[in-house]
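The values are calculated or read from the model by the stated rules, or taken from the named source; none is laboratory data. Just so you know, these numbers come straight off a predicted model, no measurement behind them. Reconstructed Cβ throughout: ideal geometry from the backbone, glycine too, with neighbour counts over all protein chains shown.
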Amino acid sequence: MRTCYLAAYGHVASAEDTADHLAKAYGDELVAAGLADDTMRFLIVTRELDDGQRIDAGYAWLVKAEAPEPLRARLAVELRRFFLHPDSIGSGAAEPLMAALLDQARQWCADGVFLSVWKESPRAIRFYGRQGFRACATVHFSIGSAHYDDWLMWRTV
């Protein structure tokens, strides 16, 4: 999980702020608590290498949640994390992971899925757009003392 985050965003904040963020947002205790919580799901996608070996290619973290403003939904799912391992970007692993998380949202009878994505991450924004997500508001995110603008994106299921 940390490797995926660092590959995507390790350059954004200072080393100290990044280390602090990783400890708080990706710590073992937080992950363990999430695995034990029935309102959360961690999904892992694997892919096959040329030699037939299967590897973990990426993961998604879903949370049953109230939809933030301006979204109006009875029940929503927050896509809290969606990352591929750097070696799996462009491998086709993202699409089955997205399909699995949308299936989980449907199983939870959610109206839709929301996420936030950094406005300076065009590859991620394009991917989410291809998956039916649309930007609907700006939200703010902080790592240490640095503040960033994210898109709040939504799609129905």
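The table below lists the values:
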quantity: Qualifying residues in the range 66-92 (those that are aliphatic (A, V, I, L, M) and modelled with pLDDT under 95) - the one nearest to the chain's Cα centre (by Cα); calculated: LEU84
quantity: Test: residue in the range 32-44 that is surrounded by 14 or more Cβ atoms within 10 Å (Cβ to Cβ) and among the β-branched types (Val, Ile, Thr); calculated: no
quantity: Matching residues in the range 35-55 - criterion: being aliphatic (A, V, I, L, M) and in a strand (DSSP E or B); calculated: MET40, LEU43, ILE44, VAL45, ILE55
quantity: All strands (runs of 3 or more DSSP E) inside the range 56-157 with 2 or more residues being farther than 24 Å from ALA19 by Cα and of a type in the set (A, V, I, L, M); calculated: 76-84, 134-143, 146-156
quantity: Qualifying positions in the range 83-107 - of a type in the set (Asp, Glu) and farther than 19 Å from GLY129 by Cβ; calculated: ASP87, ASP103
quantity: Residues that are over 23 Å from VAL117 (Cβ atoms) and modelled with pLDDT of 90 or more, drawn from the range 54-63; calculated: ARG54
quantity: Neighbours by Cβ (under 8 Å, 6+ apart or cross-chain): first from the range 87-116, within 26 Å of VAL139 (Cα to Cα); second assigned to a helix (DSSP H, G or I); calculated: ALA94/PHE127; GLY112/ALA105; VAL113/LEU101; VAL113/LEU102; VAL113/ALA105; LEU115/TYR128
quantity: Whichever residue in the range 49-65 is more than 17 Å from the chain's Cα centre (by Cα) and not polar (S, T, N, Q) and, among such residues, is farthest from LEU102 (Cα to Cα); calculated: ASP51
quantity: Cβ pairs under 8 Å, 6+ apart, first in the range 118-132 and more than 14 Å from LEU79 (Cβ to Cβ), second hydroxyl-bearing (Ser, Thr, Tyr) and at pLDDT 95 or above; calculated: LYS119/THR138
quantity: Residue within the range 13-23 that is under 20 Å from TRP151 (Cα atoms), part of a loop (DSSP other than H, G, I, E, B) and at pLDDT below 75 present; calculated: yes
quantity: ARG81 being free of Cβ contacts under 8 Å to residues at least 40 places away in the same chain and either basic (Lys, Arg) or touching a Cys at 6+ places or on another chain (Cβ under 7 Å) (or both); calculated: no
quantity: Residue list for the range 118-130, filter: in contact with a strand residue (DSSP E or B) (Cβ under 7 Å, 6 or more places away or on another chain) and not β-branched (Val, Ile, Thr); calculated: TRP118, LYS119, ALA124, TYR128
quantity: Members of the range 68-119 found to be of a type in the set (S, T, N, Q) and surrounded by 19 or more Cβ atoms within 10 Å (Cβ to Cβ), listed by number; calculated: SER88, SER116
